[in-house]
1. Which of the following residues is at pLDDT 70 or above and surrounded by fewer than 14 Cβ atoms within 10 Å (Cβ to Cβ): Gly43, Gly77, Gly38, Gly67?
2. From the set of residues in region 135-175 that are touching a residue at least 12 places away in the same chain (Cβ under 8 Å) and within 22 Å of the chain's Cα centre (by Cα), which is most open to solvent (accessible area, probe 1.4 Å)?
3. Of everything in region 90-110 that's surrounded by fewer than 13 Cβ atoms within 10 Å (Cβ to Cβ) and not hydroxyl-bearing (Ser, Thr, Tyr), which residue is farthest from Pro127 (Cα to Cα)?
4. Being within 30 Å of Ser46 (Cβ to Cβ) and part of a loop (DSSP other than H, G, I, E, B) narrows it down to one of Leu122, Leu117, Leu96, Leu131, so name that one.
5. Could you give every pair whose Cβ atoms fall below 9 Å, whose first residue belongs to region 95-113 and is of a type in the set (Gly, Ala, Ser), and whose second residue is in a loop (DSSP other than H, G, I, E, B), counting only separations of at least 6 or pairs across chains?
6. For Phe120, are the conditions met, namely being more than 18 Å from the chain's Cα centre (by Cα) and either open to solvent by 70 Å² or more (accessible area, probe 1.4 Å) or at negative phi (or both)?
7. If you take the residues in region 80-89 that are of a type outside the set (Val, Ile, Thr) and outside any loop (DSSP other than H, G, I, E, B), which one is surrounded by the most Cβ atoms within 10 Å (Cβ to Cβ)?
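The values are calculated or read from the model by the stated rules, or taken from the named source; none is laboratory data. Keep in mind that what you see is a predicted model, and the values were worked out from it rather than measured. So basically every Cβ, Gly included, is an ideal-geometry build from the backbone, and we count neighbours across all protein chains shown. Ligands, DNA and RNA are excluded from the accessible area calculation, which covers all protein heavy atoms including side chains. Shrake-Rupley method; radii C 1.70, N 1.55, O 1.52, S 1.80 Å.
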Amino acid sequence: SQSRYKLDKKYDHINRFFSEFISDWENLKFGNRIIYTGPLSGGELSSAYQSADVFISLSTHHDEDFGMAPLEAMSHGLPLILTSWGGYKSFLKEDLKVQLIPVKLSVQGPFLSNTHLDDFLLSAKRPGISLRRKQANLAESYFSPDSIAPLLSRTLTMKPHPFSGFNRRGRRVVS
């Protein structure tokens, strides 16, 4: 049986993780429903977004402040399944189709709740054309340069409170 995901040799360390992850999921309950593509070129990426039913990012990377890939996927009308890590929470808006998988911290670092992921994946349905259009339009209304500009302008013109450190009780001290 041929695998439905494609791996790229440049990313062997990442590919080993995803190969094991996907293999486990294929053997359990998802069969060939999950496709890990590896890196894609621009044309391949657009095609992948067009043929996908949902976009999943399980990132817990410490630098994941916003996430351009989820925004690209949403602009193609895809519902999102993301971790509740970092800036991914910015995508959680009342009318957007976004599911956040809880991330818990342990001594070994962040980890995901597989139960939540199972539930989200099993309940994911193929989005119809109207849902895809709505998702793409909402992505534009929430995250376009025109909609973000006023917030960015306010943020950049705010006078910051001076910070000089913390006192012995761990409270912030302003000078």
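1. Details: Gly77 fails: surrounded by fewer than 14 Cβ atoms within 10 Å (Cβ to Cβ); Gly38 fails: surrounded by fewer than 14 Cβ atoms within 10 Å (Cβ to Cβ); Gly67 fails: surrounded by fewer than 14 Cβ atoms within 10 Å (Cβ to Cβ).
Within the list Gly43, Gly77, Gly38, Gly67, the selection yields Gly43.
2. Glu140
3. Taking region 90-110 and keeping what is surrounded by fewer than 13 Cβ atoms within 10 Å (Cβ to Cβ), we get 94-95, 104-109.
If we keep only those that are not hydroxyl-bearing (Ser, Thr, Tyr) too, we end up with 94-95, 104-105, 107-109.
Details: Glu94: 18, Asp95: 15, Lys104: 29, Leu105: 33, Val107: 38, Gln108: 37, Gly109: 34 Å.
Among those residues, the one meeting the criterion is Val107.
4. Working: Leu122 fails: part of a loop (DSSP other than H, G, I, E, B); Leu117 fails: part of a loop (DSSP other than H, G, I, E, B); Leu131 fails: part of a loop (DSSP other than H, G, I, E, B).
So the residue among Leu122, Leu117, Leu96, Leu131 that is within 30 Å of Ser46 (Cβ to Cβ) and part of a loop (DSSP other than H, G, I, E, B) is Leu96.
5. Gly109/Thr60; Ser113/Pro102
6. no
7. So the residue we want is Leu82.
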